[in-house]
Amino acid sequence: MDLVNVFSQKEVSLIDVREPFEFAMGHAPGAVNIPLGTVPSRVEEFRKMPQPVILYCRSGNRSGQAMMYLKACGVSEAYNAGTVEEVMYYQHLAAQQGKPQGAR
């Protein structure tokens, strides 16, 4: 599934895996901050979140690591959306299609 369609889902969980100070400097609308270092201890929380789970960070590296870890732990609908700028672009495209993403 391409990311525009992922963002167009009725309900998604948008997770920023950057550190809290990075999140405080700006984040995508609807995002929740769960730093990469805390992901392993919060797997059950991810399993209970509305699916799909969309992850992003500053470069796409940390969110890629989080996605791989979560998929290995059984969270099959985890997606790496890359950067905050890319997330806002996908949100914009989904809204233009008349399907604004529902954020957690």
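Selection of the stretch 46-58 for residues being basic (Lys, Arg) and either touching a residue at least 24 places away in the same chain (Cβ under 8 Å) or outside any helix (DSSP H, G or I) (or both) yields ARG47, ARG58. Checking VAL43 against (1) of a type in the set (A, V, I, L, M); (2) part of a helix (DSSP H, G or I); (3) within 22 Å of ASP2 (Cβ to Cβ), which single condition isn't satisfied? Exception for VAL43: condition (3). The set of residues in the stretch 1-40 that are assigned to a helix (DSSP H, G or I), β-branched (Val, Ile, Thr) and free of Cβ contacts under 8 Å to residues at least 60 places away in the same chain comprises THR38, VAL39. Quick check: anything in the stretch 37-50 within 21 Å of ALA95 (Cβ to Cβ) and of a type outside the set (Ser, Thr, Tyr)? Scanning the stretch 37-50, I find at least one residue that is within 21 Å of ALA95 (Cβ to Cβ) and of a type outside the set (Ser, Thr, Tyr), so the answer is yes. Scanning the stretch 59-75 for residues being outside any helix (DSSP H, G or I) and either closer than 18 Å to ALA28 by Cβ or over 13 Å from the mean Cα position of the chain (by Cα) (or both) gives a total of 4.
Among the residues of the stretch 51-66, those identified as under 19 Å from GLN91 (Cα atoms) and not small (Gly, Ala, Ser) are GLN51, PRO52, VAL53, ILE54, LEU55, TYR56, CYS57, ARG58.
Taken as a whole, the stretch 38-45 holds at least one residue that is at pLDDT 95 or above, more than 14 Å from GLU86 (Cα to Cα) and buried (at least 18 other Cβ atoms within 10 Å of the Cβ).
Within the stretch 48-63, restricting attention to residues that are out of contact with any helix residue (DSSP H, G or I) (no Cβ under 9 Å at 6 or more places or on another chain) and closer than 23 Å to GLN9 by Cα, the residue that is surrounded by the fewest Cβ atoms within 10 Å (Cβ to Cβ) is LYS48.
When we screen GLY64, GLY26, GLY30 for residues that are touching a strand residue (DSSP E or B) at 6+ places or on another chain (Cβ under 6 Å) and on the phi > 0 side of the Ramachandran plot, the only hit is GLY30.
The values are calculated or read from the model by the stated rules, or taken from the named source; none is laboratory data. As the structure is a prediction and not an experimental result, all values here were calculated from the model. Note that we place each Cβ from the backbone using ideal geometry, even for glycine, and neighbour counts take in every protein chain shown.
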